[in-house]
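Take a look at the structure below.
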Amino acid sequence: MKKLLLTCVVLFAMAIGAHANYTLNESQLNQAFANATEIQLVNLLENPAALNLAGANTFFVASDKNAIVAAVLAFFLGGIAIHRYYLGTKGVMFFYYFCTFGGIFGIVPFVDFVVLLVESNDISKYCNNEKFLMWM
């Protein structure tokens, strides 16, 4: 089944790529390089604010995440914890969901779905949440 899915994805990507018509405007490219600011990696590591970033350990901001998107991901792809990745949880959550057969046979993602819909006004407590049961 995995091989069939992978084959379908590859064929779809090839079909889209075959019909793509790419053009390159040389003058716009030269203008973009002329307006660019050169930043050296050493300076960036010493001062992350050089790129107007909040810092090297920046986490997802709760306002960037949409509760409806997270709920839809929980409903359709919750068994593999995609909604948790969207909310900023680390990659180990996939392992937890795998070991519990999709979050205890899909019950945990379904409860996540309901909680995200009910509390859609403020989902900040679910962003970057490392607990298996994010609502507890």
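Since every read-out is calculated from the coordinates, none of them should be taken as a lab result. Being a predicted model, the structure only gives us computed values, none of them experimental. Cβ placement follows ideal geometry from the backbone for every residue including glycine, while neighbour counts extend to all protein chains displayed.
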Task: Residues located in the range 100-123, provided they are under 13 Å from A81 (Cβ atoms) and touching a helix residue (DSSP H, G or I) at 6+ places or on another chain (Cβ under 6 Å) - done: G102, G103, G106, P109, D112, F113
Task: Selection from the range 99-120 of residues that are of a type outside the set (S, T, Y), in contact (Cβ under 8 Å) with a residue 12 or more places away in the chain and either in contact with a Lys or Arg (Cβ under 9 Å, 6 or more places away or on another chain) or at negative phi (or both) - done: V108, P109, F110, V111, D112, F113, V115, L116, L117, E119
